[in-house]
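Colleague: Below you will find the structure I want to go over with you.
Derivation of every value follows stated rules applied to the coordinates shown; laboratory data play no part. Note that the coordinates shown come from a computational prediction; the quantities given were computed from them, not determined experimentally. Cβ placement follows ideal geometry from the backbone for every residue including glycine, while neighbour counts extend to all protein chains displayed.
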Amino acid sequence: LEAMGEKQVTVEGRTYPLPQPFFVIATQNPLESFGTFPLPESQMDRFMMKIKIGYPSREAEREILKGGSRRKELYSIDPLFTADEIMEIQNEITNGIHVSNRVLDYIQDIVDATRNSPLLTAGLSTRGALALLHTSRVDAYFANQDYVSPDNVKFVAPYVIPHRVLFRDEYITINREEAIISLIGEVPVPVF
């Protein structure tokens, strides 16, 4: 968590800064939980997004079966960007994508909706609201927009919100992403 939150690690009392850019990609296998423990909510909130990849297609799985491990191929992949170029893009996203007060209000209305929903015992945290804002900016950037629209917010919300909120016991089996999409659908969208 220190690496994710503070961009540093501490080993035996000594702190080491991590090189920039730095990010964590973690995997989860929900089918095998024996001998593992679920992450507490405070740790889940540190992950910006949760994306379900699912199983490979039949054809892709066949290629995997025929080819065995292709791990060696990873070492021959040419990078698309240098670290400096990634940091430049991050700067463009943070400083070059405008967010209007109406969109900020919309994000706060979504946050309030999660905090007041009868489906949830705990709504979106401030850290979660910041993640929703940042990922909305990223979506706008890759859509070649210089501003965030409500559509950007709605698009990223199912990847940013569900793993951060707590559903009441009686709703634990519902599809979390669909529930969040439905909840957001009840929030009035600002008109521009």
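Colleague: List the residues, sorted by chain then number, that are 5 or more residues from A122 or on another chain and whose placed amide H is less than 5 Å from its amide H.
Modeller: Answer set, sorted by chain and number: L166.
Colleague: So, one more: Got a sec? How would Y147, Y141, Y55 order by Cβ neighbour count within 10 Å, fewest to most?
Modeller: On the way: Y147 14, Y141 19, Y55 7.
The fewest-first ordering by Cβ neighbours comes to Y55, Y147, Y141.
Colleague: I77 versus E186, label points 7 Å from Cα toward the beta carbon: distance in nm?
Modeller: It works out to 4.1 nm between the two label points.
Colleague: Given a cut-off of under 8 Å on Cα pairs at least six residues apart, what relative contact order in percent is computed for the range 2-185?
Modeller: Values: 159 pairs, mean separation 38.6, N = 184.
Relative contact order for the range 2-185 comes out at 21 percent.
Colleague: Which of these values of P(r) over Cα pairs in 10 Å bins from 0, in percent was calculated from the structure shown: (i) 7, 26, 32, 25, 9, 0; (ii) 9, 31, 32, 22, 6, 0; (iii) 9, 36, 35, 13, 5, 2, 0?
Modeller: Correct label is (i).
Colleague: Next question. Could you list V187, V156 so that the one with the fewest beta carbons within 10 Å of its beta carbon is first and the one with the most is last?
Modeller: Working: V187 20, V156 23.
Least to most surrounded, the residues fall as V187, V156.
Colleague: What is the range 135-190 by shape, rounded, prolate or oblate, if you read a ≥ b ≥ c off the alpha carbon gyration tensor as root eigenvalues and call it rounded for a/c under 1.5, prolate for a/b larger than b/c, and oblate otherwise?
Modeller: Prolate, since a/c reaches 1.5 and a/b exceeds b/c.
Colleague: What's the exposure ranking of T15, T27, T114, going from fewest to most Cβ atoms within 10 Å? Provide the component values of the computation, followed by the final result.
Modeller: Details: T15 10, T27 5, T114 24.
Ranking T15, T27, T114 by Cβ neighbours within 10 Å, fewest first, gives T27, T15, T114.
Colleague: Take each complete run of DSSP H in the chain, measure how far its Cα atoms stretch along the helix's own axis, and keep only those covering 18 Å or more with mean Kyte-Doolittle hydropathy at least -1.0; list them.
Modeller: Details: long enough: 83-96 (19 Å, -0.60); 101-115 (21 Å, -0.37); 126-142 (24 Å, 0.25).
Taking the DSSP H segments of the chain (at least 18 Å long, mean hydropathy at least -1.0), we get 83-96, 101-115, 126-142.
Colleague: While we're here: Note down the nm distance, to one decimal, between modelled labels 7 Å out along Cα→Cβ at T10 and at D109.
Modeller: Inter-label distance under the simple model: 4.3 nm.
Colleague: Just to be sure I understand the model, the point goes 7 Å from the Cα along the line to the Cβ. What's the resulting E88 to E2 distance in nm?
Modeller: Distance between the two pseudo-spin positions: 3.4 nm.
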